[in-house]
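The values are calculated or read from the model by the stated rules, or taken from the named source; none is laboratory data. This is a predicted model, so every value here is computed, not measured. Here the Cβ is made from the backbone with ideal geometry for all residues, glycine too, and neighbour counts use every protein chain on show. Ligands, DNA and RNA are excluded from the accessible area calculation, which covers all protein heavy atoms including side chains. Shrake-Rupley method; radii C 1.70, N 1.55, O 1.52, S 1.80 Å.
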Amino acid sequence: MNNRRNFMKTSLVASAGIMAAVSTSMACPDQPKNIFAYSKDNEGRWKGKSGSHAPVIGTENSKITVETKHGMSERHYIVKHSIITAEGEVLGEHVFTKIDKKAISSYDIKGKHEKLYALSFCNLHDLWVTEFTI
Ligand SMILES: [Fe+2]
């Protein structure tokens, strides 16, 4: 039993190290710090999928609307939207369920921010980012 626990601990630590190395080596200048996400300009292994996965931003003063133009079904859906700063501070987030009809969320963002990022996570096609300002 102890051998199995030690193996699991070692595997988790090794996996975390690999993920950190991958995210560091894949970092792009137009991405929030310490986060890797695909974008309209960097579709990576999901070539052709940015139109249905990169978040679309609507702004009206401090009101932000984030939409992912993606279908919502039990098998394939948008899991979450987040709004974060360039430093990775989370200013807002919304978790969707399999019964939500659309992946649309709204936020009231206070303060002045030079750059903000909207993140959208698909259960099959990973994390996507769109940079914006308000
Ligand atoms: Fe998807």
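The residue that is nearest to Met72 (Cα to Cα), among those in the stretch 95-112 that are crowded, with 17+ Cβ neighbours inside 10 Å and more than 16 Å from the ligand (Cβ to nearest atom), is Ser105.
Restricting to the stretch 28-53, what's the tally of residues that are at pLDDT below 95 and among the basic types (Lys, Arg)? Counting residues in the stretch 28-53 that are at pLDDT below 95 and among the basic types (Lys, Arg) gives 1. Residues of the stretch 113-134 that are aromatic (Phe, Trp, Tyr) and either over 25 Å from Gly44 (Cβ atoms) or open to solvent by less than 70 Å² (accessible area, probe 1.4 Å) (or both): Tyr117, Trp128, Phe132. Of all residue pairs spaced 6 or more apart or on separate chains, those with beta-carbon atoms under 6 Å, a first member in the stretch 67-86 that is within 16 Å of Ala37 (Cα to Cα) and a second member that is within 10 Å of the ligand (Cβ to nearest atom) and open to solvent by 30 Å² or more (accessible area, probe 1.4 Å) are Val79/Phe121; Val79/Asn123; Lys80/Phe121. Within 16 Å of the ligand (Cβ to nearest atom), β-branched (Val, Ile, Thr), modelled with pLDDT of 95 or more and surrounded by fewer than 19 Cβ atoms within 10 Å (Cβ to Cβ), is that true of Val56? Taking the combined requirement at face value, the residue satisfies it.
If you go through the stretch 64-81, how many residues are over 13 Å from Cys122 (Cβ atoms) and modelled with pLDDT of 95 or more?
Looking only at that region, the number is 4.
Answer with yes or no whether His76 is within 16 Å of the ligand (Cβ to nearest atom) and out of contact with any Leu (no Cβ under 6 Å at 6 or more places or on another chain). No.
When Ile64 is tested against (1) within 12 Å of Phe132 (Cα to Cα); (2) more than 16 Å from the ligand (Cβ to nearest atom); (3) under 15 Å from the mean Cα position of the chain (by Cα), exactly one condition is not met: (3).
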